[in-house]
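Quick notes on the structure that follows.
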């Protein structure tokens with residue numbers, strides 16, 4: 001399992017290069033779900049963005065789970081919200097494969113809409129990776145300090 005934040009880079013061709021440890025964690029997550037990658041060392045993922053500020057990389061089985069949840073009786077009643085989310089996700093996103101060298105080609109629509117080149121910061125969030133431009137990440141960290149309520153919750157409920 002991957003914890004913390006890692007640096008990465010998006011090259012001029014729009015390929016996100018993952019570190020060996022991050023690539024291994026992503027590949028293991030994909031394999032654990034029983035999805036055989038197309039080639040040795042590859043990982044099957046869905047790449048998208050909802051806001052152009054961050055890229056989300058979901059193992060394909062996690063994205064399939066989210067789609068199934070949207071279609072379930074419990075959340076299908078909010079069809080308008082589901083449609084808006086899917087419209088955005090599918091406008092910028094598409095299935096991709098992380099190659100055996102840990103490179104992931106960002107979808108063309110996403111590359112056209114955003115300028116994700118150069119250094120990036122990457123975090124694992126529960127069931128997907130989040131990628132930010134370095135300056136966006138630094139701004140997010142500065143603007144999202146935990147409140148005293150957050151710290152109290154962390155201490156009492158989570159044991160932090």
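Of the numbered criteria (1) surrounded by 15 or more Cβ atoms within 10 Å (Cβ to Cβ); (2) farther than 28 Å from residue 30 by Cα, the one residue 140 fails is (1). So is residue 129 surrounded by 16 or more Cβ atoms within 10 Å (Cβ to Cβ), under 25 Å from residue 24 (Cα atoms) and touching a helix residue (DSSP H, G or I) at 6+ places or on another chain (Cβ under 6 Å) or not? Answer is no for this residue. Looking at the stretch 93-101, can you tell me whether even one residue there is over 13 Å from residue 10 (Cα atoms), at pLDDT 90 or above, in contact with a strand residue (DSSP E or B) (Cβ under 7 Å, 6 or more places away or on another chain) and not in a strand (DSSP E or B)? Looking through the stretch 93-101, at least one residue is over 13 Å from residue 10 (Cα atoms), at pLDDT 90 or above, in contact with a strand residue (DSSP E or B) (Cβ under 7 Å, 6 or more places away or on another chain) and not in a strand (DSSP E or B). Could you tell me which residue of the stretch 24-60 is modelled with the lowest pLDDT, considering only residues that are surrounded by fewer than 17 Cβ atoms within 10 Å (Cβ to Cβ) and not in a loop (DSSP other than H, G, I, E, B)? Among those that are surrounded by fewer than 17 Cβ atoms within 10 Å (Cβ to Cβ) and not in a loop (DSSP other than H, G, I, E, B), it is 32. Counting the residues of the stretch 2-18 that are under 15 Å from the mean Cα position of the chain (by Cα) and in a loop (DSSP other than H, G, I, E, B) gives 4.
Does residue 149 satisfy the criteria of being surrounded by fewer than 16 Cβ atoms within 10 Å (Cβ to Cβ) and modelled with pLDDT of 90 or more? When the stated conditions are applied, residue 149 passes them. For the criterion of being touching a strand residue (DSSP E or B) at 6+ places or on another chain (Cβ under 9 Å), within 16 Å of residue 52 (Cβ to Cβ), at pLDDT 90 or above and part of a helix (DSSP H, G or I), residue 89 passes.
Among residues of the stretch 69-81 that are at negative phi and surrounded by 10 or more Cβ atoms within 10 Å (Cβ to Cβ), those with a Cβ under 6 angstrom from a residue that is modelled with pLDDT of 80 or more and not in a loop (DSSP other than H, G, I, E, B), sequence gap 6+ or separate chain, pair up as 70/82; 75/69.
The values are calculated or read from the model by the stated rules, or taken from the named source; none is laboratory data. What you are looking at is a predicted structure, and each value in this text was computed from that prediction instead of being measured. Cβ atoms come from the backbone with ideal geometry, glycine included; neighbour counts cover every protein chain shown.
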